[in-house]
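K.L.:
Before we start, here is the structure in question, set down as structure tokens.
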Amino acid sequence: MAAGSTYTPIATYTVSSAQAAYTFSSIPSTYTDLVVVINGTFGAFNTLFMQFNSDTSSNNYSDTGMNGSGSAASSYRGTSGNASGTGGMGATRSTTILQIQNYSNATTYKTTLWRANSPSDYVQTGVSLWRNTAAINSITFTANATTFQAGSTLTLYGITAA
Amino acid sequence: MANTMTLISSVTVGAGGAASIDFTSIPSTYTDLVLKISARTTRANEGDAISVSINGVATNQSSRSIEGSGSATGSSTFTSFRTQADGANATANTFGNSEFYFPNYAGSTNKSASADGVSENNATAAYAWLTANLWSSTAAINQITVTDLNSATFVQYSTAYLYGIKSS
Amino acid sequence: MSILPGIYASQITGHLVTGSFDSIATVSPTSSATVTFSSIPSTYKHLQIRILASVAQTVNPPFNWLVTFNGDSAANYSRHRLQGDGSSASSYGIGSQNYFELSYINGSLTTMNAAVVDILDYQNTNKYKTTKSLSGYDANGSGFIVLNSGSWQSTSAITSISITQNSGGTGLYAPNTSFALYGIRG
């Protein structure tokens, strides 16, 4: 079996003043999986949306999630949307971690596993689908109806399989 | 860019057990920390809640959970970080499997952490927890202490591994 | 002609930094019902399996991957899950099983199930082996997100891992199905 060290930082961005969205663009196709770590705050708790390859109007996004509110565990579903919901971020320091596997294949739809942590609001996990077989070359994260606050960071890593 | 995720330190609990598992003098040269824990305690239950104190204190912490017990679900809030270990009533030789992810641990903002943890048991009852954790402090994390929230001790062969991840 | 001086190893600075996360092997099955990682090296502390897969099936989705270690198919496993199905969260557990499972797999050959499986201390001969995985699929109106756990009640070091479709699986995998094994040093 071949062995090789992997888990490589590709890009990182720190928000300097409040902004609604950020895009990782020109993502190299040379990795197998992508991992995104977002750590920061929104102006107010709301959904973190994710879109691929500037696809903003196709109704090609859906998601299944599980929530802990602090008093009840629940599950929800979103269908045929213009973006994938990947949990929420809040006004206290929040963390979202996303796993996008086999992102550069041009044969299958794209599935993302995610964990979202807004300690003052919800703990969440879920899976999102982009019904498009295109290789992913850009990822846009948008704060729904609010903004990423200054000091928030978004980091992209690549993992290469043997 | 160089491949990241580097082992900083590891601890294995020896004979006689341990009240805590400590990582001190954590270098500030990484971006994120990953703490992997395989633990069993002396608590008389199938599972046990374990936590981390940061920089020697357990104050200014909060967390929110989704919980599964093997038969029921729940969600709670706490004033401490939370994840799972196996307790003394679980199947022998069985240890939990948990991970904390601390992004931007050396930065000047409050610190949040994502944690997923499970205990196992050869029966219906075992625990799976997802927690969102917050340390309301702008200090850099330089010490992490894993502790039991029920005043139990970690048994021999419990382990914890601290890794650093660089974002550039 | 002057002889070019050699470079002593001691003169080299900026050494290549290698991390603790290594890729070990990848299996991209085409027609076998079972994927096996064998001869797993003993040089790591933990294993991670990253899966993106789907398989055609003769029964209605969803169904599971069944996981065993070292060829052990006896009743030496327990398994538990915390899951969301899009309408409610639920929890399940059972002991004395012949496998533990990764949930769930969708039968569509374009909608893939993803899983990240973590096995700590896989070489430790003082412990049973506990796995943790986050997995799921979404199919635009159906799907699951699941935190699975499993225990193999054996103190043997893990040297092989088999992942098998449960009944109803046809062995026909979606293109770009892959099972990738990683080792984490400790």
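The values are calculated or read from the model by the stated rules, or taken from the named source; none is laboratory data. Everything numeric here is computed off the predicted structure, so don't read it as measured data. Positions of Cβ are generated from backbone atoms using ideal geometry, with glycine treated the same way; all protein chains shown enter the neighbour counts. Please note that ligands, DNA and RNA were not included when accessible areas were found on the heavy atoms of the full protein model with its side chains. Shrake-Rupley method; radii C 1.70, N 1.55, O 1.52, S 1.80 Å.
K.L.:
Among residues belonging to the stretch C:19-42 that are aliphatic (A, V, I, L, M) and assigned to a strand (DSSP E or B), point out the one that is most open to solvent (accessible area, probe 1.4 Å).
P.N.:
C:V27
K.L.:
I've got another one for you. Only one of A:S138, A:S74 is within 9 Å of another protein chain (Cβ to nearest Cβ) and of a type in the set (S, T, Y). Can you tell me which?
P.N.:
Going through A:S138, A:S74 in turn, the sole match is A:S74.
K.L.:
Now for a separate question. Only one of (1) open to solvent by less than 40 Å² (accessible area, probe 1.4 Å); (2) farther than 15 Å from C:H80 by Cβ fails for B:N121. Which number is that?
P.N.:
Among (1) open to solvent by less than 40 Å² (accessible area, probe 1.4 Å); (2) farther than 15 Å from C:H80 by Cβ, the lone unmet condition for B:N121 is (2).
K.L.:
Also, I was wondering about something else. Is at least one residue of the stretch C:128-151 more than 10 Å from every other protein chain (Cβ to nearest Cβ) and surrounded by fewer than 23 Cβ atoms within 10 Å (Cβ to Cβ)?
P.N.:
Within the stretch C:128-151, none of the residues are more than 10 Å from every other protein chain (Cβ to nearest Cβ) and surrounded by fewer than 23 Cβ atoms within 10 Å (Cβ to Cβ).
K.L.:
Would you mind telling me which numbered condition in (1) open to solvent by 10 Å² or more (accessible area, probe 1.4 Å); (2) β-branched (V, I, T); (3) touching a Phe, Trp or Tyr at 6+ places or on another chain (Cβ under 8 Å); (4) within 14 Å of chain B (Cβ to nearest Cβ) C:T164 fails?
P.N.:
(4)
K.L.:
List the number of the failed condition for C:A75; all other conditions in (1) part of a strand (DSSP E or B); (2) within 11 Å of chain B (Cβ to nearest Cβ) hold.
P.N.:
So the condition that C:A75 fails would be (1).
K.L.:
Kindly indicate which of B:A88, B:A72 is under 19 Å from C:Y92 (Cα atoms), aliphatic (A, V, I, L, M) and in contact with a strand residue (DSSP E or B) (Cβ under 9 Å, 6 or more places away or on another chain).
P.N.:
Of the residues listed, the single one that is under 19 Å from C:Y92 (Cα atoms), aliphatic (A, V, I, L, M) and in contact with a strand residue (DSSP E or B) (Cβ under 9 Å, 6 or more places away or on another chain) is B:A72.
K.L.:
Any chance you could count how many residues in the stretch A:15-49 are exposed (fewer than 15 other Cβ atoms within 10 Å of the Cβ) and within 13 Å of chain B (Cβ to nearest Cβ)?
P.N.:
Final tally of qualifying residues: 2.
K.L.:
For the stretch B:45-93, give me each residue that is under 17 Å from A:R93 (Cβ atoms), small (G, A, S) and surrounded by fewer than 24 Cβ atoms within 10 Å (Cβ to Cβ).
P.N.:
Result: B:S62, B:S80.
K.L.:
Please identify the pairs in which a residue from the stretch A:13-24 that is in contact (Cβ under 8 Å) with a residue 60 or more places away in the chain has its Cβ atom under 6 Å from the Cβ atom of a residue that is β-branched (V, I, T), counting only partners at least 6 apart or on another chain.
P.N.:
From the stretch A:13-24, the pairs are A:T14/A:T153; A:A18/A:T147; A:Q19/A:T147; A:A20/A:T147; A:A21/A:T140; A:A21/A:T142; A:T23/A:T140; A:F24/A:I139.
K.L.:
Return the residues of the stretch C:49-63 that are among the polar types (S, T, N, Q) and open to solvent by 20 Å² or more (accessible area, probe 1.4 Å); say none if nothing qualifies.
P.N.:
If the condition is that a residue be among the polar types (S, T, N, Q) and open to solvent by 20 Å² or more (accessible area, probe 1.4 Å), then C:Q57, C:T58, C:N60 are the ones that fit.
K.L.:
Could you count how many residues in the stretch A:50-69 are buried (at least 21 other Cβ atoms within 10 Å of the Cβ) and closer than 30 Å to B:T79 by Cα?
P.N.:
Of the residues in that region, 5 qualify.
K.L.:
For the stretch C:145-170, which residues satisfy the criterion of being β-branched (V, I, T) and in contact with a Lys or Arg (Cβ under 9 Å, 6 or more places away or on another chain)?
P.N.:
C:V146, C:T155, C:I158, listed by residue number.
K.L.:
For the stretch A:120-141, what are the residues that are assigned to a strand (DSSP E or B) and surrounded by 21 or more Cβ atoms within 10 Å (Cβ to Cβ)?
P.N.:
Across the stretch A:120-141, the qualifying residues are A:Y122, A:V123, A:Q124, A:T125, A:G126, A:V127, A:S128, A:L129, A:W130, A:I139, A:F141.
K.L.:
Oh, and also: Can you pull out every residue in the stretch C:54-68 that is within 20 Å of A:T107 (Cβ to Cβ) and within 14 Å of chain A (Cβ to nearest Cβ)?
P.N.:
Answer for the stretch C:54-68, where residues must be within 20 Å of A:T107 (Cβ to Cβ) and within 14 Å of chain A (Cβ to nearest Cβ): C:S54, C:V55, C:A56, C:P61.
K.L.:
Among the numbered criteria (1) surrounded by 19 or more Cβ atoms within 10 Å (Cβ to Cβ); (2) within 20 Å of B:Y161 (Cα to Cα); (3) of a type outside the set (S, T, N, Q), which single criterion is violated by B:L134?
P.N.:
(2)
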